[in-house]
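Readers should treat all values here as calculations from the given coordinates under stated rules, not as data from a laboratory. All values reported here derive from a predicted model rather than from experimental measurement.
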Amino acid sequence: MNRKSQIAARPDSETEVNPRARTTPPEPEPGAPSDLDLMKAIQAEDPAALSQLYDRYNGILKALILRVIHNETEADDLLQEIFMEIWNHAKNFSAQKGKPLGWMVTLARRRAIDGLRKKQAYTRAEERLQSETEQRPEAWVHNATAEEIAFSDTRVLVRNVINGLPPAQQQAIEFAFFRGMSQREIAAKTNTPLGTVKTRLELGLKKIYDGLKELRDEL
């Protein structure tokens, strides 16, 4: 089982029971390793140390994420990603620059804000695409022949742009907008992390919008 699965599978996680319950740092039990000891162990790739750090601070970090994201499911996903980043980038932590909790809080806050910005950008791109695709074909051309108007039908333009996307982004767009699948359904069907699916949709929508603008300007 990989690190992400180990974290996600913990049934006794306080985050799952009451994600807002803990907002202050817990006192380690007598004899328990300090935060610094756990970080050093994680730097040495000890998965048990990551699990202990998760048990100790998942409540605090999720409470912080929820102040920004305001969505339980997205906060859970982001929390898993943050602990994976802690595991993958533990060597970037230095005790000389601060305490482990401060480093993790900074990381969580940055990731939460980035997640919110991506969500807002995705929503704006989706709204723009919806607006573009609802326009009449005549709005895309000037003094065009009947044949040109038929070719410039919005659906044809969208399809041309989609066909030019990288395969992974094209697949995500196809599933989301032509088959009506949710991001989680796409992730499950393609065996792809949810965060990756979100990124592919965001990038794909932006390229579609930019591509439609370029095609319209050329006509």
Open item on the list: Give the lysines reachable from residue 119 as a straight Cα distance under 27 Å; neighbours fewer than 8 places away on the same chain don't count.
Closed with: 4, 62, 189, 198, 206, 207, 213
Open item on the list: Test of understanding: what is the full-extension gain from residue 159 to residue 192, defined as 0.36 nm times their sequence separation minus their Cα-Cα distance?
Closed with: 9.5 nm
Task: Residues whose placed amide H lies under 5 Å from that of residue 46, excluding near-sequence neighbours - done: none
TODO: Note the full-extension length gain between residue 119 and residue 95 as 0.36 nm times their separation in residues minus their Cα-Cα distance, in nm to one decimal.
DONE: 5.3 nm
Task: Residue-by-residue Karplus 3J(HN,Hα) for segment 49-62, coefficients 6.51, -1.76, 1.60, Hz, glycine and proline x - done: 5, 5, 4, 5, 5, 5, 4, 6, 10, 4, x, 5, 5, 5
